[in-house]
Structure formats: structure tokens, C-alpha cells
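J.: This is the structure I want to talk about, given as C-alpha cells.
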Amino acid sequence: MSLNSNKQNNIVVVVEDNENVALLISNKLNSAGFNTKIFNFGSAAVLYALSNPNSLLLIEYYMPDMTAKDIVQSIEGNRIIMPYLVMSEPGNEKAIIEMMKMGARDYLVKEKGFMDFLPTAINKVFEQIEVEDRLVSVEKSLRFSRDKFRHIFNSITDAIYIYDFEGNFLELNDAAYKRIGLDQKKNTNNLSYLNFQTDEFRQDFPRFIEYLSEKKHVRFESLEKDIQENRIPVECLARRILYGDEDAVLTISRDITENLRIKELLEQKERRFHRITNTISDYIVTVYIENNQAVKTVHSPACVRVTGYEPKELGEQNYLWLDMVHVRDKGLVLENVNKIINGVQVEPFEHRIIKKDGSIAWLRNTPVLHFDRHNEVISYDGVIQDITDQKKIEEKLLDQQTRLMATVNAFDGLVYICSPDYRINFANEKLIERTGYDPTGEFCYKAIHDKDQVCPWCRNQDDDNTQTMKWEVKSPKDNRWYSVVHMPIAQSDGTVSKQALVLDITDRKFADQELTKFNKLYYGLINELPIPVFRVRQDGVIVSANKAFYDLFHKNTDKDLNLWDILPELSITCAESKMLTLSNEKSEIEKETELEINEQKERKILKLKPIIDENEETVEYQGMFFDLPDVAK
């Protein structure tokens, strides 16, 4: 689910059977800026939750009519997933652990200090949900840009498999091909993800898909097999995605050695411990304030993972946290700290730190202020989140977009993208220069060709709009010729936009027309010559000849002729293989030869001259027949 980032717009549903405790909790949360709703019976809370799914539940485990487990199962039985926290008296750790496994965001023990920590715990859940929504947004952006940033997909060292709900492969990255030992050129249409899984996984696959449809993502460990039946221990994160127009599963599989497996098991136990001690993936730093001065800081154990420093190190050196801040971000951090000390609520802000090992990490700091009865700030909690990986993805996306724009603007032609209703969504610099303004939002036929209706040659609405199409057109706007390439771009809403590459080919068109005129004139003159003229390939096939040639041999122009048929005694270097070649030292041949015309033999002078292409290679020969001088006759 998605809660509003403004906590005043969300309801915290307090499910507590003790009316006095419920009222104290409500007042505490209201003073921290939260809106609350109190229920003293679990069944009433269930009915409210079904009608108000965009709420956060704070549940006492033992209610008069049902337990917290019963409440959650009743809500999720109606296919509604809501975030919730569990409260309990000390001694109910077993029940609490069970609720954590079911998906509780946090749990609170009703002991000394419980009320003081409550706003921080609630705020932390809201921040977690906001981060999750932000990650979902990043995933959607990556899915939309998958073709542009495919190298990111293939540069990931973990194997990534995308397959349908039957297990059939839809796409694999380079690491996946290497993992299972498949040739990337091999068609994977007939291969299934299940071919490389254990028998147990194959048997549980339908239940796995069903569970994934409900929970959206699941993390698990398994054994994969490569094409040689070698077993590979892996840790997998699978989630349901939209692949094109169909639902599919994306599984990220990481190869782990035995040592890494043991390490991962230890880390899982550590993560479970951190859940119980209220530190999942973030950590909280509490700063105590007296007389507008920070006098003490307390860092939770998770600070080691984020900063590299132990809580004791950070606690003993009050200014170590500020010293860690990157020099370019210290001004921002100091400004926000001063505002907080003076009682000003600050929005979450992002900055860099230099960790103990010297590496740089991006953090998101969400301050939660605490006031005394005189409305003076006595302390504040900073919920610290490591967003380094997210920042790297954003930087890669920005870099790819920058490179793409540079390439598009360097293209020596017009580039634009238009929607199915002919509206321009993007125009490159060349098109802006041509129109004299940015035509984004305008009809393409108006901006490009100055027409008031769709161009008759346009292919934007063709039935087959998935193919790249090419054509040439003379624009009525400037009477110049253009080559147009239309390429489809699938949008996330199912529509298909078109990207057009338009290149001015006016000069080429004029050159083609002039060449056509020249060829007509040239071949016309050749055909009028009284001397037999022909062109022949190296294999002896005559590709063209003038009228005098055909008259000489009394041949039909519709029939193919071969030089060997009319010159049986011809011998030019490679006569045995019937291939014409000329010496490199000789540019042409002049030879007296005997022709066979209508079963009669007649002697003529044959001249052959090579026709050379731009690579200095002989492609054909031009030949002519001359009568012998009278003396020779």
C-alpha cells in the first residue's frame, strides 16, 4: 500500500482494550502531529480497516474479542494488506516473533519509556513505506527505459531471470547465461526456469506463483543447476513485474559459496535481532538538547553498517558525526541542525558522509523533534537511511539520458517523437532551429510541413505499428526532399508513439536526377554508334550491348549472350577457366580474333578495356569490334 508522505493526512488506528492507555497513546501521537482513531475491540478495528485501507494499525496483541494475529488475518483475508505495529506487555516475545514473521513493521513492549519512543517508531514506519514507494517508482522508470539502459541490466553480476507464470524464459542477462552455461545465441523459447531448479522447487512452483501474487516479492535460498547438472547454491529475490503486456516474474539470483552461505545465515539472524531491537535497515541517532546546544548523542547499533563506526565511538565524540559529513554538504547539514535546535520542523534531507573505511555513502536524514511542556526542543531523533545504491541508479540513469541527448542533438537531421494523436512530445535542437521555436505539444504535420491536417503519406496510424518504416517525401513547407525513418516506441500505458529520424536528401535527389539524365543520354549515344559495343563480366556473360552488336550477330535482345559462344577461340590469360583477366601492367587489350556468325567465320579486331570501381578493382570490361584494315583482309 501507499501512505501519504504528509503524516497529518494519514490515520493511525490505535487498537487498545484499555481506554486510559488508548487515550494516552492517542494524545502522545496527536502531539507529534499524527491523526488517530481509537478502537477498544478488535472486530470494530477490522470493520474500520476494511473501509479505510490507507491507515496504519497500532495493535495490542491481546484484545478482548481477538488477538492481533486474528485481526491481521481477518483484514488480509479480504485481500487488503495494511502496515501494522504490535504492542504487548513484557513476556510475550514468542507471540511478537510470530507477528514479525507475518509481516509486522515493528513491535513495542509496554515498559518504561514506551510512550516517549512511540512517535519515533510510528514515524519510522511512515518513512519505510515512503522509501518503498520511491523504490517502486524507480523500478517503473527502469522498466520504461529498459531498451536505453540495457547495458545496466547486463552489467549486473547477479544472474537475472525473467519468466512467465509457467516458468518459460522471457529474458536473461549475461550473468544468467553464463551461470547456467547457455550460449547467448541459442533460442531460449523452449527452455524453462524450472529446468535449472530442484525437484522440490518445481513441485512448489504453483504455490510459489500464488504466494508471489499476494506478497508481490519473496526472498529465498535454493540450489540452481547449470546445463551440466552442476548444483549452485544461490540466494534469490523474486518479485512480480509487468513485462510488456503480461504478468511475469523477475528473479535476481546471487551465487554464494559455503562460507557466504554461513555468513548470510548469520546476517539473517542479525537482521531478526535488529527487528526486535527496532533497527531493521535504518538506524536512529538521538540528540539531546539543553539551552539550544546539543549535549549528548546516542546512536543505535545499526550505525556500524551505515557509517563503519561503533555506537561508542560516535557517542564519545559528539562532533564525529559532523566531521563525517562531506565537505560539500556541511553547509546544508549545519543549516538544518540549527533550524531543528530552534524548534523548526525540517523536511527529510539527503547528504553524503565519508565512512570509516574512506568510502562515500549517501544518507537520507529524517528529523523527528520532541518538545517539553513549554514547547521547547529537548531532543530529536534522526532516522538515518543509506540510499547509496538508489543514488547510483539515479546517476546512471542521468548519465545515460545525457549521452542519449548528446547523440540525438549531434544527429545531422531532425529527430522528434510524436504521440498516436500526432502531438510532438520531443524535438531535437535541429528541429527547434528549423521551426524557430520549441514545437513540443504542437501537431507534427503543422510544425514539420506547415499543413493543417494529417499528411497523406504518414504511416502513424498503420495497422502494423510495430515495424520500422522508411519513405522519402518532399515537404510542402520548404520544397526540399527528406528521408524519413519511423520507429515505434511502446509506452507504459499500452499506446505506441513514433520516433522519427528525418534527413535532408535534396542534394542527393538532384544528383540522382542528373545521373539519370546523363545515363539516358550516354546509353542513347552508345546505341546510335555504328560500331558494335558491349559490356561483359569476368565470367563472360554480356550484360549490355548496343544495336550494332545485336545486328552483327543477328541475336535477339531478349536472350542472354555469352562471349565464349561467339568467340570460341578467344584466349586471354585464363581461357581454360573462362575468366577474363588483364595484366596489371596493361590497361586494355587489342586483339585480332575470329567470330562465328551464322555458322560462318569472320575476323574482327576486338578491343577490351577494364571498368574500374572506387576500390581500384575490375568489375566489368567494355568491348568493341572493328573491321580489319583492307591490307589485313
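All of the numbers you see were taken from the coordinates with simple rules; none came from a lab. Predicted model, so just to flag it, every value in this text is computed and none were measured. Here Cβ is always computed from backbone atoms with ideal geometry, including for glycine, and neighbour counts include all displayed protein chains.
J.: Pick out, from Ile209, Ser141, Tyr243, the residue whose Cα sits farthest towards the positive end of the charge dipole of the stretch 107-252, with +1 on the Cβ of Lys and Arg and -1 on the Cβ of Asp and Glu.
T.: Final value for the positive-end residue is Ser141.
J.: Moving to a separate point now. Work out from phi, with θ = phi - 60° and the Karplus expression 6.51 cos²θ - 1.76 cosθ + 1.60, the ³J(HN,Hα) of each residue of the stretch 154-167, listed in order in whole Hz, and give x for Gly and Pro.
T.: Going residue by residue, I get 7, 8, 5, 6, 6, 6, 10, 10, 10, 8, 7, 6, 9, x Hz, with x marking Gly and Pro.
J.: Roughly how many debye, to the nearest 20, is the charge dipole of the stretch 466-555 about its Cα centre, given +1 on each Lys and Arg Cβ, -1 on each Asp and Glu Cβ, and no other charges?
T.: Numbers: 13 positive and 10 negative charges, 28 e Å.
Its charge dipole is roughly 140 debye.
J.: Continuing with this model, one more query. In percent, what relative contact order does the stretch 1-112 have, based on Cα pairs under 8 Å that are 6 or more apart in sequence? Write out the running numbers ahead of the final one.
T.: Working: 188 pairs, mean separation 26.0, N = 112.
Averaging sequence separation for qualifying contacts and normalising by length gives 23 percent for the stretch 1-112.
J.: May I ask for the net charge around Tyr62, where only other residues with Cβ less than 12 Å from the Cβ of Tyr62 are counted and Lys, Arg are +1 while Asp, Glu are -1? Could you put the intermediate results ahead of the total?
T.: Details: positive: Lys69, Lys110; negative: Glu16, Asp17, Glu60, Asp65, Asp70, Glu89.
In short, -4.
J.: Run lengths n ≥ 4 of DSSP H only: what is the helix-derived mean residue ellipticity at 222 nm for the chain, with -39500 (n - 2.57) per run over all residues, to the nearest 500? Walk me through the numbers on the way to the answer.
T.: Working: 19 runs with 220 residues, N = 633.
So the helix-based figure for the chain works out to -10500 deg cm²/dmol.
J.: Report ³J(HN,Hα) in whole Hz for each residue of the stretch 232-244, in order, from the Karplus equation J = 6.51 cos²θ - 1.76 cosθ + 1.60 where θ = phi - 60°; Gly and Pro get x.
T.: For the stretch 232-244, the Karplus curve yields 10, x, 9, 10, 10, 10, 10, 9, 7, 9, 9, 10, x Hz.
J.: Let me ask you something else. Would you mind working out the magnitude of the charge dipole of the chain relative to its Cα centre, with +1 at each Lys and Arg C-beta and -1 at each Asp and Glu C-beta, to the nearest 20 Debye?
T.: Working: 81 positive and 103 negative charges, 190 e Å.
I would put it at about 920 debye.
J.: Something else now. Net charge near Tyr309: determine it from the other residues with C-beta under 11 Å of the C-beta of Tyr309, scoring Lys and Arg +1 and Asp and Glu -1.
T.: Neighbourhood net charge equals -1.
J.: Rounded to the nearest 0.05, what FRET efficiency do Asn342 and Lys396 give with R0 = 56 Å and r taken as the Cβ-Cβ distance? Could you check? Write down the numbers at each step before the final one.
T.: Details: r = 39 Å, r/R0 = 0.69.
Efficiency for this residue pair is about 0.90.
J.: Let me ask you something else. Pairing the Cα long axis of helix 330-341 with the longest principal axis of the chain, what angle in degrees results, from 0 to 90 and rounded to the nearest 10?
T.: The answer is roughly 30 degrees.
J.: Over the stretch 64-170, what relative contact order in percent results from Cα pairs under 8 Å that are six or more residues apart? Show your work: numbers first, answer last.
T.: Numbers: 52 pairs, mean separation 16.0, N = 107.
Over the stretch 64-170, the number comes to 15 percent.
J.: Now for a separate question. Using only Cα atoms and rounding to the nearest 10 degrees, what angle (0 to 90) does helix 114-144 make with the longest principal axis of the chain?
T.: In the chain, helix 114-144 runs at an angle near 10 degrees to the longest axis.
J.: Continuing with this model, one more query. For the stretch 319-373, with only Lys/Arg (+1) and Asp/Glu (-1) charged at the beta-carbon, what is the dipole magnitude about the Cα centre, in debye rounded to 20? Don't skip to the answer; put the middle values down first.
T.: On the way: 8 positive and 7 negative charges, 16 e Å.
Around 80 debye, computed over the stretch 319-373.
J.: Beta carbons within 10 angstrom, averaged per residue: use that to sort the peptides 473-482, 175-184, highest first.
T.: The most tightly packed comes first, giving 175-184, 473-482.
J.: Can you check what the Kirkwood hydrodynamic radius comes to for the stretch 315-358, Cα pairs only, in Å to one decimal?
T.: Value: 11.4 Å, from the Cα pair sum.
J.: Arrange the peptides 324-333, 104-113 so that the one whose residues have, on average, the most other Cβ atoms within 10 Å appears first. Present the calculation step by step, with values, prior to reporting the outcome.
T.: Working: 324-333: 14.3, 104-113: 16.6.
In decreasing order of mean packing, 324-333, 104-113 become 104-113, 324-333.
J.: Continuing with this model, one more query. Which value in nm describes the separation of the simple spin-label points at Lys94 and Asp183, placed 7 Å from the Cα toward the beta carbon?
T.: Going by the 7 Å Cα→Cβ label model, 6.0 nm.
J.: Gain in length, Leu515 to Glu472, computed as 0.36 nm per residue apart minus the alpha-carbon separation, to one decimal in nm?
T.: Numbers: separation 43, 0.36 × 43 = 15.48 nm, distance 1.85 nm.
Gain on stretching Leu515 to Glu472: 13.6 nm.
J.: In degrees between 0 and 90, to the nearest 10, how far off the longest principal axis of the chain does helix 258-276 point, with axes built from Cα atoms?
T.: The two axes meet at around 40 degrees.
J.: Next question. Hey, how many Å between the Cα centroid of the stretch 401-465 and the Cα centroid of the stretch 296-311?
T.: Comparing the Cα centres of the stretch 401-465 and the stretch 296-311, I get a distance of 54 Å.
J.: Around Asp450, under 12 Å between beta carbons, what's the net of Lys plus Arg minus Asp minus Glu among the other residues?
T.: Details: positive: Arg434, Lys446, Lys451, Lys477; negative: Glu442, Asp452, Asp478.
Neighbourhood net charge equals +1.
J.: In the chain, if every C-alpha pair distance is counted and binned at 10 Å from zero, what percent goes to each bin?
T.: Over the chain, the share of Cα pairs per 10 Å bin runs 3, 11, 15, 15, 15, 12, 9, 6, 5, 5, 4, 2, 0, 0 percent.
J.: What are the extents of the Cα atoms of the stretch 409-456 along their three principal axes, listed from largest to smallest and rounded to whole Å?
T.: So the three principal-axis extents are 29, 18, 18 Å.
J.: If you don't mind, there's one more thing I want to ask. Just need the relative contact order of the chain here, percent rounded to a whole number, with Cα pairs under 8 Å and 6+ apart.
T.: Working: 994 pairs, mean separation 33.4, N = 633.
Once normalised by length, the contact order is 5 percent.
J.: Could you work out the equivalent-ellipsoid semi-axes for the stretch 365-523, taking the square root of 5 times each eigenvalue of the Cα gyration tensor, largest first, in whole Å?
T.: On the way: eigenvalues 546, 63, 48 Å².
After diagonalising the Cα gyration tensor, the semi-axes are 52, 18, 16 Å.
J.: Based on a Kirkwood Rh over C-alpha pairs, give the Stokes-Einstein translational diffusion coefficient of the stretch 24-71 at 20 °C and viscosity 1.002 mPa s in µm²/s. Walk me through the intermediate numbers first.
T.: Numbers: Rh = 11.5 Å.
D, rounded to a whole number, is 186 µm²/s.
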